[in-house]
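Okay, structure first, notes after.
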Amino acid sequence: MSTLKFKTSINCANCVRAVTPFLDAEASVEKWNVDTNSPEKILTVEGENPIPELIMKSVSQAGFDIEPA
């Protein structure tokens, strides 16, 4: 399983709730988590072959900033 990390603007429980359907719909993502306590709001994504571009697109579509960590 591969792990990817991204810096995001996902900073609260409501933000996590807003992005959930977008990340859950991404087939390459098996598990994900956002550390809203970290200053960089790190999104950690795990999967067999997660595709960074698709994950970034999903988070952007949800209305949040994202960049590779």
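The values are calculated or read from the model by the stated rules, or taken from the named source; none is laboratory data. Fair warning: this is a prediction, and the values are worked out from it, not measured in the lab. Please note: Cβ atoms are built from the backbone with ideal geometry, for glycine as well, and neighbour counts cover all protein chains shown. Heads up: the accessible areas ignore ligands, DNA and RNA and are worked out on the full protein's heavy atoms, side chains in. Shrake-Rupley method; radii C 1.70, N 1.55, O 1.52, S 1.80 Å.
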- request: Could you work out how far helix 13-24 tilts from the main Cα principal axis of the chain, as a 0 to 90 degree angle to the nearest 10?
  value: 20 degrees
- prompt: Out of every Cα-Cα pair in the chain, what percent are more than 15 Å apart?
  reply: 42 percent
field: Dipole magnitude of the chain, debye to nearest 20 (Cβ charges: Lys/Arg +1, Asp/Glu -1, about Cα centre)
entry: 180 debye
query: Among K31, K41, K57, which one shows the biggest mean-square fluctuation in a GNM of the chain, springs joining Cα atoms closer than 10 Å?
result: K31
statement: Per residue, accessible area of the chain with a 1.4 Å probe, heavy atoms of protein chains only, in Å², comes to 59 Å²
